[in-house]
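Okay, so here's the structure we're looking at.
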Amino acid sequence: RREMEVLLQRLMMQQDTNSTYTRKGIILTAHHRDDSMESLLLKLLRGTHITNLQGMQALLPVQQRRQQQQDYSEMTKSPLDDTAIWYARPLLALSKDDIINYLTKNGYTWRDDASNQSNKYLRNRVRNELVPLLSDLVEGGTEVLYKRLLDNLAEQSQELKHDLEARGRAYLRDSNSHSRRLAQFFIPKTGVMELYHKHAFFQWVREASAMQQHQSGKSLHLSYEQLERVCHKVNNEPLNLQWQLSVGDEWNVQRQGSVLRLLLVSTANEADALPGFLSEELQRLDWNPQGPTNNANQDDQQILKVSIPRQHLAENAEFWMGPIGILQQQQQLLSNDEDNDIAKLTFSAPWWDDNRRPIKASGFLRGQKVPLHQRDLAPAVVLLAQDDKGQYCLSSTSIIALFVEPKQKWLVNKEFSPDDKLDSASCSIQLALHE
């Protein structure tokens with residue numbers, strides 16, 4: 001098929017470049033009604049969602065076929081709009097017997113593919129063994145089997161599909177199950193994933209994985225079994241608010257409170273990966289030990305004053321800002337320890353007395369009324385330094401500063417709060433937090 005697409009694209013690009021219209025290309029295939037019904041029976045045998053119980057489509061744009069295959073690679077891109085090329089099957093309304101009778105009546109000859117008689121392939125076994133058996137069992141034979149039973153099943157399937165797609169899109173829109181940085185699917189307030197919620201989740205996974213695949217090159221085809229595993233866990237474990245399930249192809253679905261997230265498990269070779277914490281979600285901060293940072297665009301930044309022990313300020317030390325959840329993933333990747341959770345990073349509120357010990361950052365955010373699903377999105381500032389291998393590692397297990405959403409402000413860890421009585425062991429630092 002791909003070779004036909006490429007050939008047709010070449011022919012279409014030979015058009016006059018001064019033309020004011022866009023040519024449309026159609027690839028015609030000779031599939032008939034029997035082929036379409038065989039496809040439906042194959043779907044039943046292999047297992048498919050009830051909304052996908054249909055045969056072949058009479059008209060199918062190349063763009064839709066690629067979306068079904070989640071093919072976003074550079075190799076499939078063309079200078080032409082994908083909507084310019086279509087697959088068409090003009091004979092789908094006719095049975096094989098209809099076509100043979102027409103050819104015989106008008107004296108035409110035709111060629112049979114000998115491989116169609118071999119039962120080596122499942123489709124041929126369906127054609128040569130299953131269809132004759134079903135036709136014998138159904139009163140009225142093949143015509144009734146195709147026209148009344150399978151056609152009706154396909155029609156009901158498509159009606160259900162259109163209804164679920166509309167309700168699913170409405171749910172995604174109303175629940176705002178998208179985020180600029182980390183896509184998230186909101187679990188229904190009832191805590192139960194009904195049929196249209198499942199369809200909405202399936203749509204969300206397809207879009208979220210396609211967005212991440214464009215950057216990572218790794219695709220996800222969520223099977224019905226995997227979809228049911230996720231929804232079953234949501235419905236049957238309402239009090240379990242934190243878990244993670246593998247859905248295959250290096251993808252995980254993670255629950256955090258009232259939301260589900262789609263995560264790509266990195267298996268890249270360390271030599272090919274970015275050094276240490278250097279993730280696209282993290283931002284290096286400008287800092288100045290003498291005074292305010294010299295940046296012409298002062299309106300686009302916020303100055304954060306902290307006091308850092310000199311022992312942490314190595315020559316290659318750098319300040320970074322990013323979501324706690326990203327820090328968690330990077331820390332686990334570096335340590336190779338699944339139990340090394342970012343919650344072990346500590347934080348002390350600036351108003352606490354000196355006798356109170358630091359607590360886990362996640363616990364502090366919980367005390368500040370930050371919802372569970374937002375805690376790993378909370379921006380944090382950490383201090384990183386390169387080790388002997390050039391990897392960026394945490395210089396301190398304490399978070400320097402943390403943004404608390406309900407307060408709409410940055411809080412500096414008491415350990416790093418600026419102090420007028422600085423001694424020679426500390427250094428006053430000013431960080432530029434870009435908006």
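Brief remarks on what is shown
- Residues (small (Gly, Ala, Ser) and open to solvent by 20 Å² or more (accessible area, probe 1.4 Å)) located in region 231-266: Ser246, Gly248, Ser258, Ser266
- Pairs with Cβ under 6 Å, 6+ apart, first in region 39-51 and over 15 Å from Asn128 (Cα atoms), second open to solvent by 10 Å² or more (accessible area, probe 1.4 Å): Leu40/Gly55; Leu40/Leu150; His49/Tyr224; Thr51/Leu160; Thr51/Lys161
- Total residues in region 347-385 satisfying the condition of being β-branched (Val, Ile, Thr) and either farther than 16 Å from Gln408 by Cα or open to solvent by 10 Å² or more (accessible area, probe 1.4 Å) (or both): the figure is 2.
- Qualifying residues in region 86-118 (those that are of a type in the set (S, T, N, Q) and open to solvent by less than 70 Å² (accessible area, probe 1.4 Å)) - the one farthest from Lys24 (Cα to Cα): Ser118
Rundown of residues vs (1) modelled with pLDDT under 70; (2) closer than 29 Å to Val126 by Cα; (3) surrounded by 16 or more Cβ atoms within 10 Å (Cβ to Cβ), yes/no style:
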| position | (1), (2), (3) |
| --- | --- |
| Val6 | no, no, no |
| Gln15 | yes, no, no |
| Ser19 | yes, no, no |
| Gly25 | no, no, yes |
| Asn52 | no, yes, no |
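- Of the residues Ser115, Ser36, the single one that is touching a Leu at 6+ places or on another chain (Cβ under 7 Å), at pLDDT 80 or above and of a type in the set (S, T, N, Q) is Ser36.
- Qualifying residue in region 98-114 (condition: closer than 21 Å to Arg33 by Cβ, in a helix (DSSP H, G or I) and in contact with a helix residue (DSSP H, G or I) (Cβ under 9 Å, 6 or more places away or on another chain)): yes
- Residue in region 383-398 that is hydrophobic (A, V, I, L, M, F, W, C), modelled with pLDDT of 85 or more and outside any loop (DSSP other than H, G, I, E, B) present: no
- Taking every residue in region 364-375 that is under 19 Å from Gln184 (Cβ atoms) and pairing it with any residue that is open to solvent by 30 Å² or more (accessible area, probe 1.4 Å) and in a helix (DSSP H, G or I), at least 6 positions away or on another chain, the pairs with Cβ-Cβ distances below 7 Å are Leu365/Arg375; Arg375/Ser362.
- Positions within region 133-153 being open to solvent by 70 Å² or more (accessible area, probe 1.4 Å) and more than 16 Å from Ser36 (Cα to Cα), in sequence order: Leu133, Asp136, Leu137, Glu139
- All conditions but one from (1) out of contact with any Ser or Thr (no Cβ under 8 Å at 6 or more places or on another chain); (2) at pLDDT 90 or above; (3) part of a helix (DSSP H, G or I) apply to Ala200; the one that does not is (1).
- In region 245-261, the residues that are of a type in the set (Val, Ile, Thr) form Cβ pairs under 6 Å with partners that are open to solvent by 30 Å² or more (accessible area, probe 1.4 Å), at six or more places apart or across chains, as follows: Val247/Gln226; Val259/Phe186.
- Condition check for Ala183: at pLDDT below 90, under 30 Å from the mean Cα position of the chain (by Cα), among the hydrophobic types (A, V, I, L, M, F, W, C) and over 21 Å from Asn52 (Cα atoms): yes
- In summary, Asp71 fulfils each of the numbered conditions (1) surrounded by 14 or more Cβ atoms within 10 Å (Cβ to Cβ); (2) modelled with pLDDT of 75 or more with the single exception of condition (2).
The values are calculated or read from the model by the stated rules, or taken from the named source; none is laboratory data. Only a predicted model underlies this, so the values are computations on that prediction, with no experimental measurement involved. Because the Cβ atoms are built from the backbone with ideal geometry, glycine has one as well, and the counts that use them run over all protein chains shown. Just so you know, the surface numbers come from the protein's heavy atoms only, side chains and all, with ligands and any DNA or RNA stripped out. Shrake-Rupley method; radii C 1.70, N 1.55, O 1.52, S 1.80 Å.
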